[in-house]
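Readers should treat all values here as calculations from the given coordinates under stated rules, not as data from a laboratory. Everything quoted here is computed from the prediction, not taken from an experiment. Using ideal geometry, Cβ is built from the backbone for each residue, glycine included, and neighbour counts are taken over all protein chains shown.
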């Protein structure tokens with residue numbers, strides 16, 4: 001990015017009209033990817049002066065244990081529902097989960113899911129990191145996921161969405177292909193970086209389960225209805241040029257017993273619609289690049 | 001501001017948890033639990049019975065539901081008292097109608113101020129568990145250990161004086177603990193706490209003074225969270241509880257007994273325009289052979305006997 005500039009210069013402006021037609025495999029109109037966050041939060045993390053880890057003094061019992069529900073209970077519930085309806089995950093991974101609870105990481109890997117980095121812990125933020133520190137967490141991410149799963153990570157969602165002005169350039173330099181941190185479009189976009197190529201894949205905060213339940217205060221059925229409306233519209237518009245819908249999840253939210261049933265109905269709807277290319281982030285980025293290369 | 005060089009050191013990055021309170025455990029790989037009387041799902045109602053002094057102390061923090069306006073906050077003081085005068089009796093009547101025995105997390109100040117209410121609850125076969133002294137009795141790290149110990153002792157003694165037996169369970173205000181709380185609860189003879197929401201069955205929580213059982217009281221399924229925080233209607237609350245029950249019953253077919261915590265607040269659920277929907281919900285649960293209601297101590301004892 002252009003540090004200090006009013007326009008950070010992340011990408012060129014391109015309005016929705018008159019774009020070249022993006023085509024997804026088999027004539028599908030909307031590429032759908034599901035992005036569960038598999039996270040580990042620390043009970044008593046080191047302090048970052050730019051952002052508090054927990055709203056309460058440590059231990060923040062509800063904050064921590066709510067998130068720990070993911071690894072004990074709700075990951076398994078959510079993952080089974082996804083597999084049942086043919087949805088693979090593209091995992092936003094707290095890298096240290098590979099060390100703490102490899103059972104969860106192994107399960108995702110065995111299901112054929114893809115991993116990208118979400119930082120080391122979701123209680124360690126990039127704000128204030130110098131370049132060496134930021135390189136260290138990228139290298140740690142690449143090496144740890146390779147060791148734990150055999151996979152080469154291809155993407156990044158900043159830990160707790162904390163960035164520095166150099167993050168995107170560093171990701172491209174290390175050969176990562178996509179970022180989930182930019183929310184300007186319903187189609188993939190190439191990002192301006194110093195070297196190499198980095199593609200912004202549409203993620204979503206608006207239909208993120210955290211926003212659904214804690215910003216918009218939706219009931220489980222309202223959230224399910226929101227996802228179905230989001231999908232139906234994007235699948236319609238994708239007739240002109242292929243769209244992307246991401247369903248970003250936290251299993252400790254969507255995997256609660258009152259939410260998983262309505263959510264399953266969403267997956268049934270999308271799977272039965274016939275217009276969805278149900279895929280993973282890396283495949284979507286590859287299909288995009290094969291058509292536009294270094295263009296928009 | 002740059003970060004300390006140790007910000008990228010992770011001394012607790014290791015196999016398992018980053019503390020020694022409990023080991024990792026996969027919910028779906030445990031020996032299935034069998035509940036008494038062939039029930040597949042036990043609904044565990046917990047009513048919080050709270051007294052809010054009109055002078056909040058904010059030490060260490062102000063409890064949810066506490067005073068909000070400048071002194072004197074008549075509106076919140078009296079609206080909370082509505083819960084302990086009217087709402088609680090509506091809930092007790094609703095549970096009596098379906099024959100359910102429940103846990104009531106009670107400030108010891110309630111026992112001292114309204115002993116007849118506590119006697120009514122005990123006489124109906126419900127369980128009294130401890131819930132601090134009054135709603136100024138919040139706990140968080142930074143609190144002096146002796147002060148916390150005294151708070152716990154006062155809460156337990158105050159309930160025991162009216163109930164006649166010592167509570168076996170504890171719920172912290174806002175489920176907020178210090179690093180010392182679980183140990184101090186064990187020292188005080190508490191057998192189970194409800195604060196950690198990381199599971200859907202009881203599990204053993206270790207302290208320097210020995211183990212205590214944690215029975216997770218799901219905060220996401222509380223009337224406070226769904227109705228007050230998320231601003232949903234009582235019908236939406238009831239729909240969520242039914243969806244949860246149905247999902248858990250399906251899981252119980254393959255994985256053994258399940259538990260559905262139902263955390264209630266008299267001044268929230270016990271209102272005239274909400275209580276009928278709630279009565280309909282629990283009447284529906286009571287009509288099903290596979291669903292039962294249980295107190296926390298019954299759930300703990302049944303679970304413990306199967307370990």
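List of remarks:
- Computed label-point distance, nm, for sites residue B:97 and residue A:272 using a 7 Å Cα→Cβ extension: 3.6
- Separation of the residue A:51 and residue B:82 label points, Cα + 7 Å toward Cβ, nm: 4.0
- Cβ-Cβ FRET estimate between residue A:174 and residue B:289, R0 fixed at 56 Å, reported to 0.05: 0.40
- Rounded to the nearest 500, the helix-only mean residue ellipticity at 222 nm of chain A stands at -10500 deg cm²/dmol, with each DSSP H run of n ≥ 4 adding -39,500 (n - 2.57).
- Net lengthening on full extension, residue B:68/residue B:54 (0.36 nm per residue, minus Cα-Cα): 4.1 nm
- When chain B is treated as a GNM with alpha-carbon contacts under 10 Å, the residue of B:219, B:126, B:19 showing the greatest mean-square fluctuation is B:19.
- From least to most packed, judged by other beta carbons within 10 angstrom and beginning with the fewest, A:56, B:280 follow the order B:280, A:56.
- For chain A, a Gaussian network of Cα nodes joined below 10 Å ranks A:54, A:33, A:277 by mean-square fluctuation, and the top entry is A:54.
- Taking 17 Å as the cut-off, the amide N atoms of region B:15-55 that come nearer than this to a point 7 Å along the Cα-to-beta-carbon line of residue B:254 belong to B:26-33.
- Two-site FRET efficiency, residue A:19 against residue A:225, from Cβ-Cβ distance with R₀ of 22 Å, rounded to 0.05: 0.15
- Coordinate range along principal axes, alpha carbons of the protein assembly as shown, Å, largest first: 77, 52, 50
- Measuring nothing but how far apart in sequence close Cα pairs (under 8 Å, 6+ apart) lie, relative to its length, chain A scores a relative contact order of 28 percent.
- Modelled label positions at residue B:233 and residue B:204, each set 7 Å beyond Cα in the direction of Cβ, lie 4.8 nm from each other.
- The sum of -39500 (n - 2.57) across all DSSP H runs of n ≥ 4, divided by the residue count of chain B, sets its helix-only mean residue ellipticity at 222 nm to -11000 deg cm²/dmol.
- Label reach from residue A:103 (point 7 Å along Cα→C-beta): in region B:17-47, amide nitrogens under 12 Å belong to B:17, B:23-31.
- One equal scatterer on each Cα of region A:25-292, no solvent, Debye formula: the resulting log10 I(q)/I(0) at q = 0.14, 0.17 Å⁻¹ is -0.98, -1.46.
- With a Förster radius of 25 Å applied to the beta-carbon distance between residue B:112 and residue B:37, the computed FRET efficiency rounds to 0.10.
- Among beta bridges identified by DSSP and lying wholly in region A:25-292, the antiparallel ones come to about 15 percent.
- Note on A:16, A:174, B:267: ascending count of other Cβ atoms within 10 Å places them as A:16, A:174, B:267, the fewest first.
- Compared with the rule-of-thumb size 2.2 N^0.38 Å for a compact globular protein, chain B has a Cα radius of gyration ratio of 1.01.
- Within region A:21-44: backbone nitrogen closer than 15 Å to the residue A:286 label point (7 Å, Cα to C-beta): A:24-26
- Relative contact order %, chain B, counting alpha carbon pairs below 8 Å whose residues are six or more apart: 26
- Cβ-based exposure ranking for B:178, B:240, A:83, in which fewest neighbours within 10 Å come first: A:83, B:178, B:240
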